[in-house]
Structures are given as C-alpha cells and as structure tokens.
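Accompanying notes for the structure given below.
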Amino acid sequence: MAVVSAGAAQDSSSSAAEGREGGTPAIETRELRKQFGRIVALTGLTMTVRRGEVFGFLGPNGAGKTTAVKLLLGLSRPSAGEGRVLGAPIGDLATRQRIGYLPELFRYQGWMTAREVLALHCELARLPRSGWPAALDEALGLVGLADRSNDRVETFSKGMQQRLGLGVALLGQPELVVLDEPTSALDPVGRQDVREIIRSLRDRGVTVFLNSHLLTEVERVCDRVAIVDKGRVVAELAMSEVRRESGVGIRAAGLDPAAIELAGQYGPARFDGEWLTVDGIAEDRVPALVAQLVAAGAAIHAVMPSRSTLEERFLALLGTEEPTGPAEPPGSRKDDP
C-alpha cells in the first residue's frame with residue numbers, strides 16, 4: 001500500500017501570494033548527494049521550486065529522479081548536502097502532513113471500496129474525523145470517482161486505480177503535491193482530466209512537483225522544468241521561454257545558395273531540399289522573407305509556423321540529439337502515445 005501524507009487546509013490566496021512575491025521556496029536543495037555503497041545515485045542536486053508553481057522534474061532512466069523524490073519526502077536520508085521543503089529541513093515529520101504524494105507504483109487492497117481507501121488515508125494523515133465526509137466527497141469528485149465510491153478496488157481498471165491514487169494524494173488540501181507519472185495509465189480523456197486538476201491546484205496556490213517521462217504532458221501544464229542527468233540538474237527552463245522560441249518552415253522549390261543565405265539574415269536557416277526552416281524569426285517578418293524569396297525566383301508551396309519543443313531541448317541538453325538528416329516537415333510531430 002502506498003503511504004501518503006496530506007496536509008491540513010490553508011488559505012490558498014495567501015499561499016499563492018507568497019509564491020509570487022518571492023517568499024520561502026516550496027523546495028530548495030543545495031548539493032544534495034546520495035550514495036549507496038559504491039553507487040552514487042545523486043552527485044549534487046541543486047534546484048529551487050517556487051511556491052504555487054507546477055514544476056516538472058525530467059531526466060533519463062538512472063538520472064536519480066526517484067532517489068531525489070525519496071529524499072525530498074523524507075523516505076531516505078542524504079549522504080551529503082542539504083535541502084528544505086516548505087521551509088523545514090527535509091525529513092521533518094510535521095511537514096509531511098502538508099504534502100500529498102502519488103507514487104508511480106502503488107496498490108490498494110482489492111476488497112476495499114474507494115471510499116474506504118480514502119478513509120484509511122485520512123486516518124494515516126491524522127485528519128480531523130469530523131472533516132472526513134467532506135474530504136472524501138471532494139477527493140472523489142475531483143478525480144471523477146464519485147459514482148464508484150462504494151465499488152471495490154478489485155473491480156477498477158488500472159486507469160481508475162490511478163485516479164484513486166491521485167485522490168489520496170489530494171486529501172486534506174496539501175500545500176505541496178508530488179506526482180510521479182500521474183498520467184501513465186490513463187487514456188487521453190483521463191490525461192486531460194489530470195491536467196485540469198493540476199491547473200486547478202496551481203490556481204489555489206498549491207505547488208505541484210511533477211515527475212514524468214511524457215514530455216508533451218509536462219509541456220502543457222508546467223511553469224518551469226529541471227532536467228537532471230547523472231545526479232545533477234543540467235538546466236532549469238521556463239516553459240514560457242521555450243514556447244516563445246518560434247520559427248517558420250517554408251516548403252519551396254528553386255532555392256539557390258544565395259536565397260538560402262538571404263533567409264539566414266532572418267535567423268539560423270537550413271534547407272533539406274524541400275523545406276527551408278528559419279529559427280527565431282519574428283512572426284511579423286515572415287511575409288517580408290517570403291516576398292524576398294519569391295523575388296529571388298523561388299516557388300513557395302507552403303508556409304507553416306514551427307516552434308521549439310521541450311523534447312528538442314531535452315535531447316539537446318543531454319547530448320542525444322537525433323542524427324542530422326532530412327528535416328521533419330513543420331506540423332508533422334505527433335504527441336507521445
């Protein structure tokens with residue numbers, strides 16, 4: 001069974017204001033290190049998560065993400081370095097009551113009903129018994145299980161059990177919610193529901209720490225992300241900046257080297273024989289570029305905007321970019337399945 005801590009209710013407006021005004025970070029680590037015998041899982045994790053933001057925690061398998069989460073939750077002790085969660089040293093028992101946690105792998109007893117599972121975790125989190133009915137109804141409603149509250153867990157699909165785990169993590173209105181692959185077992189509708197729940201938590205001033213390998217999901221909901229490799233943060237990115245890194249793809253024929261050089265005046269340009277891609281060009285300068293290309297004798301068949309994706313930045317930072325080859329036509333990328 002997953003042991004999940006959740007916190008007492010707190011005024012969300014004051015929490016959100018604190019985060020926006022630069023108050024105490026929700027999470028702060030400095031050279032956090034964890035070693036198991038000769039194996040170094042974390043070499044020196046340094047990062048800051050602000051109050052009230054949705055923060056993505058990304059990295060390849062073996063990067064130390066799971067170890068980092070265990071340290072932040074007090075489920076493991078660091079070998080060196082320091083960290084604070086909600087203003088207290090990591091591992092502080094009182095602080096755990098203010099944190100909601102959804103692990104990637106969990107299992108509830110099949111003979112229990114959804115309401116019984118939630119009630120058990122109210123007991124574990126030491127929530128006032130008088131507030132249980134309202135807390136259970138709120139959690140079941142948020143995750144879309146209100147009409148299955150009295151059904152046994154053994155009758156639930158994997159996706160429904162994932163929803164139940166999310167409901168457990170939200171009990172007691174925690175200040176910080178740590179989600180480990182929350183959409184891994186959900187269909188597209190379920191993923192959309194989880195995104196809406198995460199956005200509603202942010203609107204209430206709750207900090208969400210999201211560990212996921214589904215980069216398209218992270219891209220849609222996160223304010224900032226940290227990319228971890230070999231136990232260290234190699235980059236912290238603001239998603240607003242990633243989204244602004246735009247360009248244009250122009251399907252053209254008859255482009256000579258001079259025309260490609262001309263396009264390079266607008267931004268880094270490359271041509272694969274069919275598509276001319278210009279990175280970083282402002283949207284209002286695209287018509288002028290197209291007009292100049294036509295004047296230079298090019299035949300323009302299509303003009304499509306393109307933008308930098310989190311996946312591209314992720315691969316570039318980890319040094320695992322795909323081999324150079326024919327550029328992918330703008331607009332042809334597909335989301336993760």
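In table form, for the structure just shown:
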quantity: Extension gain (nm, one decimal) between Glu236 and Ile39, 0.36 nm per residue minus Cα-Cα; calculated: 68.4 nm
quantity: Highest-MSF residue in the chain out of Leu120, Leu58, Leu142 [GNM, Cα springs under 10 Å]; calculated: Leu120
quantity: Theoretical FRET efficiency, 1/(1+(r/R0)^6), r = Cβ-Cβ of Ala80 and Ala134, R0 51 Å, to 0.05; calculated: 0.70
quantity: Sites Val189 and Ala146 - FRET efficiency at Förster radius 22 Å, r taken between beta-carbons, to 0.05; calculated: 0.85
quantity: Extended-chain gain in nm, criterion 0.36 nm per residue less alpha-carbon gap, Thr48 and Leu124; calculated: 24.4 nm
quantity: Label assignment, Rg/Rh (Cα atoms, Kirkwood Rh) derived from the structure, set [x] 1.07; [y] 0.97; [z] 1.57; calculated: [x]
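Values in this text are rule-based calculations from the coordinates and carry no lab data. Just so we're clear, the structure is a prediction, and the values are computed from it rather than from any experiment. Cβ: placed from backbone, ideal geometry, glycine included. Neighbour counts: every protein chain shown.
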